[in-house]
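Each remark here refers to the structure printed beneath this line.
The values are calculated or read from the model by the stated rules, or taken from the named source; none is laboratory data. Everything numeric in this text was worked out from a predicted model, so none of it was measured. Cβ placement follows ideal geometry from the backbone for every residue including glycine, while neighbour counts extend to all protein chains displayed. With ligands, DNA and RNA removed, areas are computed over all heavy atoms of the protein, side chains included. Shrake-Rupley method; radii C 1.70, N 1.55, O 1.52, S 1.80 Å.
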Amino acid sequence: METGKTSKYFKYAIGEIFLVVIGILIALQINNWNENRKLQQREVQILKEIKSDLFQTKNDVIWTADRHKEALSLSQYLLDAIRAKVSYSDSIYRAFSKIGSDYEIVPKTSGFDNLKTIGLNTISNDSLRIAITNIFQLSFTRLQSDFQVKNKEFDISNMMFPYQKKYFEIDFSKPRKMPRKYSDTLNLYSLKIKDYQNFILDMDLFKTTQLAMFTRSNLVESQMEVAEEIDKTVELIEQELKKKGH
């Protein structure tokens, strides 16, 4: 009888231990599931933020590229007018006044900055993580440094400003008012090109305008390449979000 009781107690103890182990394993599994769910929620949130940043940056890139294309068209018009020695007109003035315009792109990076803070491995898809890292750390960096920031010699504004300073003069016959939102209206005067005959014979101006055009066209090329890269990266993000049910 004692042997039978011992056997029953032993089986009971084994059963209790088994139930405790099973309970611990289930608790660990639930805890792991909760942690994985939190990690996935964090990943989804970061991906959505990065996607939004990329959309806004692309809009800035496209807007800037369009302004450069407009300036390229005006530069070509001015070169053709100078070469043909056409008579002075307001169109020539407008072209000359705008071909020195320059634009800086400031990529929106808050999502990627957050990703770096919490860890790049938050992005579970290796290829997507590499694509996101490349576009923010390589492509956007090159976009900001192209010609202008790192090479002042190819800064379009600096290239054209000496000629605009040389040939622009105030046209007192054309006063104009410039309303301001937060200050008084400005009473200004338009500009015009002075010494036009020397202007159309200035080959240094012609050469510099050509160089500025070449620089600007390279900027457009690099900007549109980045815009295409943004589209591809956004597509990868959308595919990943879809796999995660978002």
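For this structure, a couple of remarks:
- Filter result for residue 133 (under 23 Å from residue 239 (Cβ atoms), surrounded by fewer than 16 Cβ atoms within 10 Å (Cβ to Cβ) and within 34 Å of the chain's Cα centre (by Cα)): yes
- Single unsatisfied condition, residue 87 versus (1) in a helix (DSSP H, G or I); (2) farther than 22 Å from residue 214 by Cβ; (3) without any contact (Cβ under 8 Å) to a residue 12 or more places away in the chain: (1)
- Only residues that are open to solvent by 30 Å² or more (accessible area, probe 1.4 Å) and in a helix (DSSP H, G or I) were counted in the range 99-123, giving 8.
- Any hit, the range 131-138, residues being more than 30 Å from residue 40 (Cβ to Cβ), touching a Ser or Thr at 6+ places or on another chain (Cβ under 9 Å) and touching a residue at least 40 places away in the same chain (Cβ under 8 Å): no
- Filtering 177, 165 for residues that are basic (Lys, Arg) and assigned to a helix (DSSP H, G or I) leaves a single hit, 165.
- Among the candidates 198, 158, 218, residue that is modelled with pLDDT of 95 or more and either outside any strand (DSSP E or B) or buried (at least 17 other Cβ atoms within 10 Å of the Cβ) (or both): 198
- Qualifying residue in the range 136-153 (condition: within 15 Å of the chain's Cα centre (by Cα), open to solvent by 30 Å² or more (accessible area, probe 1.4 Å) and at pLDDT 90 or above): yes
- Any hit, the range 127-145, residues being more than 30 Å from residue 110 (Cα to Cα) and outside any strand (DSSP E or B): no
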